[in-house]
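> First, the structure itself, so that you have it in front of you.
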Amino acid sequence: MDALNSVRDFPRRSVWFVKRCQKPDLNEFTKVAARTAVGIVVMGFLAFFVKLIFIPINNIIVGAV
């Protein structure tokens, strides 16, 4: 019976949560967007350099023709 009450309360609590949320202002949004973009770029460069280093090592180990 307790699980059924939890299922019934979920939509009500979800609506309450969404009403309590607020949109970020422009300053906060730009900070989050910039930090996310920097993180994606850093991870991309890191993956590129790891791949750049390990391709020759893999060719040496496998003995490419």
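The values are calculated or read from the model by the stated rules, or taken from the named source; none is laboratory data. Note that the structure is a prediction, hence the values are computed from the model and not measured. Glycine also receives a Cβ, built like all others from the backbone with ideal geometry; neighbour counts cover every protein chain displayed. Surface areas here come from the heavy atoms of the whole protein model, side chains and all, with no ligands, DNA or RNA. Shrake-Rupley method; radii C 1.70, N 1.55, O 1.52, S 1.80 Å.
> So, with a 1.4 angstrom probe, what is the percent of accessible area on the chain that is carbon and sulfur?
Numbers: 4600 of 6470 Å².
Carbon with sulfur: 71 percent of the solvent-accessible area.
> Lys and Arg at +1, Asp and Glu at -1: add these up for the other residues within a Cβ distance under 15 Å of ALA34 and post the number.
Details: positive: LYS31, ARG35; negative: ASP25, GLU28.
Result for the neighbourhood of ALA34: 0.
> Between VAL7 and PHE49, what length comes free when the chain is fully extended (0.36 nm per residue of separation minus the Cα-Cα distance, one decimal in nm)?
The span from VAL7 to PHE49 would gain 10.2 nm if fully extended.
> Residue by residue through segment 6-21, which ³J(HN,Hα) values in whole Hz follow from phi under the Karplus form 6.51 cos²θ - 1.76 cosθ + 1.60 (θ = phi - 60°), with glycine and proline marked x?
Values per residue, Gly and Pro as x: 5, 5, 6, 7, 4, x, 5, 5, 5, 5, 4, 5, 5, 5, 6, 6 Hz.
> Here are labelled values, (1) 67, 42, 13; (2) 59, 16, 12; (3) 40, 34, 16, and one is the computed Cα extents along the principal axes in Å for what I pasted. Which one?
Computing Cα extents along the principal axes in Å and matching it to (1) 67, 42, 13; (2) 59, 16, 12; (3) 40, 34, 16 gives (1).
> Evaluate the distance, in nm, between pseudo-label points positioned 7 Å from the Cα of VAL38 and of LYS23 along their respective Cα→Cβ axes.
Going by the 7 Å Cα→Cβ label model, 2.6 nm.
> Where only protein heavy atoms count, and the probe is 1.4 Å, what is the accessible area per residue for the chain in Å²?
Numbers: 6470 Å² over 65 residues.
Accessible area per residue, the chain: 100 Å².
> Summing Lys, Arg as +1 and Asp, Glu as -1, what charge do residues with Cβ under 15 Å from the Cβ of TRP16 carry, TRP16 excluded?
With Lys, Arg at +1 and Asp, Glu at -1, the neighbours total +4.
> As a test question: what accessible area, to the nearest 10 Å², does ASP25 have when a 1.4 Å probe is rolled over all protein chains in place?
90
> Rounded to the nearest 10 degrees, what's the angle between the helix 26-62 long axis and the longest principal axis of the chain, both from Cα atoms, 0 to 90?
Relative to the chain, helix 26-62 is tipped by roughly 30 degrees.
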